[in-house]
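Below: one structure, written as structure tokens.
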Amino acid sequence: MARSIKDTYTGLSGQNAVKAELLHRLCNVAVPEVDVGEDVLAFLEGSDVISRIQVKTANARRLKAEGSYSAQFTVPLEQLRRDDVPPLHYVFAVRLDGTWCDFLVISRPDLEDLQSGEGVGTVNEGALKLTLSFRAEEVRCGGVS
């Protein structure tokens, strides 16, 4: 399925927000010349540990409960089931009312375990579709915290 121009801009804005947050936390970042499943490479200066990061961005909508909102993300199953060397982390960047409000970080193996073991998300057309509900005390996907 082809991405719209708006989706392209939204995705890139999330990627830049994640890079800015990493830099603020004194973590160096690099963007691979070719995007084959990771958007950002992150590392601490002087360390040989590199983290691969796949950014998924969504605009959230408010829910009835005060301070809660939800956002939908799609993760390709092929990527989710790939080997994890070096480690891949997903960062779900959430924008609400024109502002970045949350960055949910989860490792690829943890997300795969939640999907296969707990049934998190919906598998459809080669992708895992996640609807995440954010509340002050937790983030839920379906009935799983």
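The values are calculated or read from the model by the stated rules, or taken from the named source; none is laboratory data. Note that this is a predicted model, so its numbers are computed, not measured. Glycine also receives a Cβ, built like all others from the backbone with ideal geometry; neighbour counts cover every protein chain displayed. Areas reflect the complete protein model, heavy atoms only, side chains present, ligands, DNA and RNA absent. Shrake-Rupley method; radii C 1.70, N 1.55, O 1.52, S 1.80 Å.
What the table shows:
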| quantity | calculated |
| --- | --- |
| Rg over Rh [alpha-carbon atoms, Kirkwood Rh] for the stretch 16-86 | 1.06 |
| Simple label model, 7 Å out from Cα along Cβ direction - ILE5 to LEU41, nm | 3.3 nm |
| Cα pair distances in the stretch 1-41, grouped into 5 Å bins until the bin that holds the longest one, percent each | 5, 21, 23, 26, 15, 6, 3, 0 |
| Descending semi-axes in whole angstrom, ellipsoid equivalent of the stretch 44-145, from the Cα gyration tensor | 24, 18, 12 |
| Probe 1.4 Å, all protein chains present, accessible-area order of ILE106, ILE5, largest first | ILE5, ILE106 |
| Sites ILE50 and SER116, calculated FRET efficiency, Cβ-Cβ separation with R0 25 Å, nearest 0.05 | 0.45 |
| Theoretical FRET efficiency, 1/(1+(r/R0)^6), r = Cβ-Cβ of SER145 and VAL34, R0 25 Å, to 0.05 | 0.10 |
| DSSP-defined beta bridges in the stretch 38-145 - what % are antiparallel, rounded to 5 | 80 percent |
| Computed over the stretch 73-138: relative contact order in percent, which uses C-alpha pairs under 8 Å that are six or more apart | 38 percent |
| The chain, accessible surface, carbon-and-sulfur percent (1.4 angstrom probe) | 52 percent |
| Within the stretch 30-110, GluC sites (Glu not before Pro) in DSSP loop having at most 11 other beta-carbon neighbours inside 10 Å | GLU33, GLU45, GLU66 |
| With 5 Å bins from 0: P(r) over the stretch 75-120, alpha-carbon pairs, percent | 5, 20, 25, 21, 14, 11, 5, 1 |
